[in-house]
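The values are calculated or read from the model by the stated rules, or taken from the named source; none is laboratory data. These figures come from a predicted structure and were not determined experimentally. Note: ideal-geometry Cβ built from the backbone for every residue, glycine included; neighbour counts use all protein chains shown.
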Amino acid sequence: MISLAERPFDGPFLLKEWSGCPVPGVYTLLVLDGQQYRPVFVGETPNFLERAFPPSRKGMAGWLALADYQQSLYIAVHPLPGPNDRKALEREMIQTYQPECNEAFPARSTLVH
């Protein structure tokens, strides 16, 4: 369990080991930066099984360059059913953490515990 935007997220899990589940929610891709996790991408989805990580148009090349996908890219998820609630949390997290792979905020994101 990790706390992001004052909400509990399941994980972080190594992305290569995460199997997902057929529920809607918000997710963040993280890298381990020393002893802390750093969000590099935030997204939302109506079904985690259909969208376990972002497509190329939303920063894939960037986060693959930041992390060795096979060993050090993590995912944390927060199930959230309402599409408006998901979009609002996604925006809040992008504004708060400024993950470098979200096109709106290319700057380095802040560290989280």
**OP:** Determine whether segment 102-110 contains at least one residue that is outside any strand (DSSP E or B) and either among the acidic types (Asp, Glu) or modelled with pLDDT of 90 or more (or both).
**Re:** yes
Subject >> Residue that is nearest to Glu92 (Cα to Cα), among those in segment 18-27 that are surrounded by 17 or more Cβ atoms within 10 Å (Cβ to Cβ) and among the hydrophobic types (A, V, I, L, M, F, W, C) >> reply: Val26
**OP:** Tell me which residues, restricted to segment 54-89, are modelled with pLDDT of 90 or more, part of a helix (DSSP H, G or I) and either polar (S, T, N, Q) or surrounded by fewer than 20 Cβ atoms within 10 Å (Cβ to Cβ) (or both).
**Re:** Pro83, Asn84, Asp85, Lys87, Ala88
**OP:** Scan segment 28-53 residue by residue and report those that are in contact (Cβ under 8 Å) with a residue 60 or more places away in the chain, of a type outside the set (A, V, I, L, M) and crowded, with 19+ Cβ neighbours inside 10 Å.
**Re:** Thr28, Tyr37, Arg38, Pro39, Phe41
Original post:
If the Cβ limit is 6 Å and pairs must be 6+ apart or interchain, which residue in segment 3-17 that is surrounded by fewer than 15 Cβ atoms within 10 Å (Cβ to Cβ) pairs with which residue that is modelled with pLDDT of 95 or more?
Top reply: Arg7/His78
**OP:** Test Met93 against the criterion of being at pLDDT 90 or above, of a type in the set (A, V, I, L, M, F, W, C) and surrounded by 18 or more Cβ atoms within 10 Å (Cβ to Cβ), and give yes or no.
**Re:** yes
